[in-house]
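Only one structure is covered here, and it is reproduced in the block below.
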Amino acid sequence: MSDGSSNALATAGSRLDSGSAASVGALRQMGQRIRQLSESLVRLESAARPLQLPPLDGREWFDLLQRKLLPQLNDDAYLIVAVVGGTNIGKSVVFNHIAGFRASASSPLASGTKHPVALIPQGFDESHDLSAIFPSFELRPWSSGDEALLDIPAHCMFWRSHDRVPSNLVILDTPDVDSDAPVNWQRADAVRQAADVLVAVLTQQKYNDAAVKQFFRKAAMEDKAAIIVFNQVELPDDEEYWPIWLNTFCRETGLNPEYVYLAPNNRKAAEAIALEFEERIWKPGDAPQLPGASRPGSIAIPNGTTSRVSLASALSQMHFAEIKLRTLRGSLQFVLNPDTGVQAYLNEIQARSRQFHEAAGVFLRRSMVQHADWPVPPNSLLVNEMWAWWSDHREAWTAGVHGFYSRISGVLRNGVQAVRIRLGYVPADAIAEYREREWDAIVRVLQQLYEQLQIITKLNNPLLTERLESLLSGTTCEGLLSRLHADHERFDFHTLVHELVTGEMEWLRTERQPLFELLRKFDGATAVFRPVITIGFALGGGIGAEHFLMDAATQTLTHLAVDSTVAVATTAAGEAAVDATAGLMGQAKASLLRLHQKFKQRREVWLLEQIRHHFLGDLLTDLEAGATISRSATCQDVTRLLNELVNQIKQQETP
């Protein structure tokens, strides 16, 4: 790099007028919101995983957010200048001429440069985080010019510092934008997204290449500043053709170059870093403005004669802060574009979440699990557990009386049962009977569930159809029944009843204290008359009355009810006892009905969990989660931050 070029570049970054400085400050103020937006988007993507949307990585706007806006919004107004172009057109030669020395290896072979090379100012790596500026690359210190030619899978960027590079300039040599190797396209795209200024190297053979034009079309949409260098030009023969090439290129890409240069086809001068670049005056009359570009189709080019200049001097004439402002704003507008940016992603989430909501609704409307004809649990099982709890919580003297006579009652009742067995009576197992009735209900539910799932697959809902067809084709009804039956046989109903009754009785004791104390008083009063009741209940009503009371759903406090009724004939307070008993029996019945409902709910939940575990997997969970994502706090955060950024830009654009 010549001293003149070095001095010109060194003074370029100081050109900050008050207007551009204020604009840069405004962009820096957006930095905090941009970071918050990025963090919220990452959280939203994680939450939206059930929606099965394409990842954020690889979306153009998200890559710009990560690779351009986040690293550079809060930094000083340095420029990243990238030399870009197609295969074997001399990009490294141009790069070396900007640098003023052989900073990158040049090769006559196609697809020579495979990794970008960065030339940075002395000490720049100490004051800036290179990995944050270029997050798509593995940063490696440069040791030789041949490293960029290494054929390795890692996305590397080889960097070196030089004392003649001004403090606010970073120069990049890049892989081919039209390489046969897709990995080179990825690396070139990452460089373009991070760059502020593109030095577009074109040739007669490459200016109209489809891949090359596609690359620069994206650059125009991001409003990148550009210098065009037509390399390997045969002068004076090509003098009449380069305007045609350039007009075609600019018209089809939307790119409006700041400057245009011609470089002669001179290999020896290129290797010696002695090419002379000839500036040409060009006014694009019909270059279209693409969405995202901030400038019109024609720009003002200073009048003057054709001259030979150094590219370093051309860069020195560009206003650093204005270019930085332009590229950052262009990237930001691309991110905020309602058709291609964050809003488009939110629209995808809304649409897919709505599909999940509709799919979940279809399933729930047709689900048989919650509408099953579930059998009623045996009252005797609930009553015995309630009575056992009551016995454990009696006062000492009443517990002794009731316990003594309960044992007498049990002996007498067992005797009666023995007689009945000899007469051919087989005592019923309440749990076994209920288990059999419940299994019949489960079989009916599964049969209806399979029928309904077959119908749902024909409802033209792709989210359900794809998942359910896979389930129905890989799982047989017989196999599911077999696994469910094994789990059903192992289920401990006694533990469930004990848990439900304990919860109900504790609720009575803590939340219905007046009622509980009244029950305790009645229990104490009836202890006086247990001799009469025990004999009467065990002999007179022990055979038939017990089943009647259970079936009538009034057995929650059976002993208390019988004792109170007998007490009417033997106590002066009999009339009051009858009135109180009627109220207590109503409460007892309500309590028993609550237990029925809770028991039914717990068994329905058990069956649904079994169906999920053995059959549906995460389908229902995914549908339920996906249906609510668009209304989640994370989605609302992204929407809020997006609106704030849009409003801030509108305020800045308002005169």
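In straight Cα distance, which lysines are under 17 Å from Lys224, not counting same-chain residues fewer than 8 positions off?
Lys68, Lys213, Lys324
What does the charge add up to near Ile349, with Lys and Arg as +1, Asp and Glu as -1, over the other residues with Cβ less than 11 Å from its Cβ?
Summing Lys and Arg as +1 and Asp and Glu as -1 gives +1.
Near Lys268, which lysines are there with a Cα under 19 Å away, not counting those fewer than 8 places off in the same chain?
Hits, sequence-local ones excluded: Lys91.
What figure in square angstrom, to the nearest 10, would you give for the accessible area of His494 with a 1.4 Å probe?
My reading of the accessible area for His494 is about 110 Å².
Rolling a 1.4 angstrom probe over the protein heavy atoms, how many square angstrom per residue are accessible across the range 114-202?
Accessible surface, normalised per residue, equals 36 Å².
Set the Förster distance to 60 Å, then compute FRET efficiency between Ile431 and Ser131 from the Cβ-Cβ distance, nearest 0.05.
FRET efficiency, Ile431 to Ser131: 0.35.
Kirkwood hydrodynamic radius, computed over distinct alpha-carbon pairs, for the range 190-268: how many Å, to one decimal?
In the range 190-268 this quantity evaluates to 12.9 Å.
Between His393 and Gln52, what is 0.36 nm times their sequence separation minus the Cα-Cα distance? Round to one decimal in nm.
So the extension gain works out to 117.2 nm.
If I stretch the segment between Glu478 and Glu358 completely, what's the gain in nm (0.36 nm per residue apart, minus their alpha carbon distance), one decimal?
This chain segment gains 40.2 nm when fully extended.
Pulled fully out, how much extra length does the chain show between Asn247 and Gln32, if you take 0.36 nm times their separation in residues and subtract their Cα-Cα distance?
In short, 73.3 nm is gained.
In terms of modelled amide H atoms, which long-range or inter-chain residues lie less than 5 Å from the amide H of Glu138?
Correct list: His155, Cys156, Met157.
Taking amide H atoms as placed 1.01 Å from N in the peptide plane, list the residues 5 or more away in sequence, or in a different chain, whose amide H sits under 5 Å from that of Asn337.
When sequence neighbours closer than 5 places are left aside, the close amide H contacts are Val342.
Three principal axis extents, largest first, for the C-alpha atoms of the range 127-264, in Å?
Taking the Cα atoms of the range 127-264, the three principal extents are 46, 34, 29 Å.
The values are calculated or read from the model by the stated rules, or taken from the named source; none is laboratory data. Computed from a prediction, not measured in an experiment: that's the story for all the values here. Don't worry about glycine lacking a Cβ; one is built from the backbone with ideal geometry, like all the others, and counts go over all protein chains shown. Ligands, DNA and RNA are stripped out before the accessible areas are found, and what is left, the full protein with its side chains, is counted by its heavy atoms. Shrake-Rupley method; radii C 1.70, N 1.55, O 1.52, S 1.80 Å.
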